[in-house]
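In what follows, a structure is listed as structure tokens, so that the remarks can point back to it.
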Amino acid sequence: MRFLPDAEQRAFTESLHAMLSAADTPAVIRDWSEGDHARGRALWRRIAEAGVFGLAVPEEYGGLGPHPVELALAFVELGRHGVPGPLVETVAAAVLLSDPPLAKRFLPGLLAGTDLATFAVPTGSAVDAGAVPLALDGDAATLRLALPLGVGLRLASVTGPVRRSLDPARRLTPLTADGELLTRHPPYRLALSWARLAAAAQALGVGLALLDRTVAHVRRRTQFGVPVGSFQAVKHRLADATTALEFARPLVLGAAVSLRPADVAAAKLKACEAAYDAARTALQLHGAIGYTAEFDLSLWLTKARALRTAWGTPEECRKLVLDDALRRPAAP
């Protein structure tokens, strides 16, 4: 069985990579972190024009899909280049709204890149006053959604100031589900699978970027008259990081093929853990400069840590995978 992207898929990701390479994404990330969304929105529209968000939307609603494999490949590139904004949330919102008449009302803006979507899901049993947790980039999003428990999908509004997260580019805002009730029965489980798949692919891209930057650094940095990368201990750390990321890649692509919740959870768990390990390796091998916010590496270090718990913590993903395994019938 040949499990590799075909020529058309490779051409798509190469064109996306070329576009993002020319976009000076570190500067875009820093602007976004300070609340300046102008360059980020311009890049967002170009990503939408490339068809990325349309991959999650059926053709009858103006999209290109559903094509989860192509979406996963695209999100690897978005993670590799550190593109800021509620990317995963917009994909999840597109899946939630892919049902007439909501599709006709909301999807054109998401597909064109003129609208950014975010939403939050409450935890616990309290739904008084429609309170929901923090949402990503609620200050930049033009479409804010909430899923109060037992109520359905509602429009929401920002009810407090922006709060910083570990990743400065992930700006968190409290939302209140005080708007229009859009539907009582949104396809939340399906949207969650798409969101976790996108987050897993994004984390894989972040890990690959960290690895590439670290390899380039240890080739340049010299000690005792030779490149640091020639030391056996450094080679072992990089080999371990490479192996973890390469083992995560087929899990992400396999989850994109099946879209089974357990497969997606396993992919997210493995990709995020591999990215986190790559971040730790990158930090150690860069030495003191790896800690500085002025150094571009930090933009990917913090993102790897934040994605590890976004859309399902490692513990939640492990439990889902284990429960699925226990439900399967024993082999004869």
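Sort out which residues of the range 299-316 are surrounded by 21 or more Cβ atoms within 10 Å (Cβ to Cβ) and either at positive phi or without any contact (Cβ under 8 Å) to a residue 60 or more places away in the chain (or both), and write them in order of number.
Within the range 299-316, 311, 312 qualify.
Is it the case that some residue within the range 238-251 is surrounded by fewer than 19 Cβ atoms within 10 Å (Cβ to Cβ), modelled with pLDDT under 95 and touching a helix residue (DSSP H, G or I) at 6+ places or on another chain (Cβ under 7 Å)?
Looking through the range 238-251, none of the residues is surrounded by fewer than 19 Cβ atoms within 10 Å (Cβ to Cβ), modelled with pLDDT under 95 and touching a helix residue (DSSP H, G or I) at 6+ places or on another chain (Cβ under 7 Å).
Where residues in the range 60-106 are more than 15 Å from the chain's Cα centre (by Cα) and of a type in the set (Gly, Ala, Ser), which of them is surrounded by the most Cβ atoms within 10 Å (Cβ to Cβ)?
It comes out as 98.
Just give me the residues in the range 274-295 being touching a helix residue (DSSP H, G or I) at 6+ places or on another chain (Cβ under 7 Å) and either modelled with pLDDT of 95 or more or aliphatic (A, V, I, L, M) (or both), in sequence order.
274, 275, 276, 277, 278, 279, 281, 282, 283, 285
Please determine, by comparing only the residues of the range 188-231 that are among the polar types (S, T, N, Q) and either modelled with pLDDT of 95 or more or in a helix (DSSP H, G or I) (or both), which one is surrounded by the fewest Cβ atoms within 10 Å (Cβ to Cβ). Break it down stepwise before answering.
Step one: of the range 188-231, the residues among the polar types (S, T, N, Q) are 193, 202, 214, 222-223, 230.
Retained after the next criterion (residues that are either modelled with pLDDT of 95 or more or in a helix (DSSP H, G or I) (or both)): 193, 202, 214, 230.
Details: 193: 23, 202: 32, 214: 25, 230: 13.
By that ranking, first place goes to 230.
Test residue 285 against the stated conditions and say whether it is assigned to a helix (DSSP H, G or I), over 26 Å from residue 5 (Cα atoms) and either without any contact (Cβ under 8 Å) to a residue 60 or more places away in the chain or in contact with a Lys or Arg (Cβ under 9 Å, 6 or more places away or on another chain) (or both).
Values: assigned to a helix (DSSP H, G or I): yes; over 26 Å from residue 5 (Cα atoms): yes; either without any contact (Cβ under 8 Å) to a residue 60 or more places away in the chain or in contact with a Lys or Arg (Cβ under 9 Å, 6 or more places away or on another chain) (or both): yes.
It is true that residue 285 is assigned to a helix (DSSP H, G or I), over 26 Å from residue 5 (Cα atoms) and either without any contact (Cβ under 8 Å) to a residue 60 or more places away in the chain or in contact with a Lys or Arg (Cβ under 9 Å, 6 or more places away or on another chain) (or both).
Scan the range 29-52 and give yes if some residue there is charged (D, E, K, R) and not in a helix (DSSP H, G or I), otherwise no. Quick ask: steps written out before the conclusion?
Let us first name the residues in the range 29-52 that are charged (D, E, K, R), namely 30-31, 34, 36, 39, 41, 45-46, 49.
Filter once more, so that each one left must be not in a helix (DSSP H, G or I): 34, 36.
Yes, that holds for at least one residue.
The values are calculated or read from the model by the stated rules, or taken from the named source; none is laboratory data. Computed from a predicted model, the values in this text were never measured in an experiment. Heads up, the Cβs are rebuilt from the backbone with ideal geometry, glycines too, and the neighbour counts pull from every protein chain shown.
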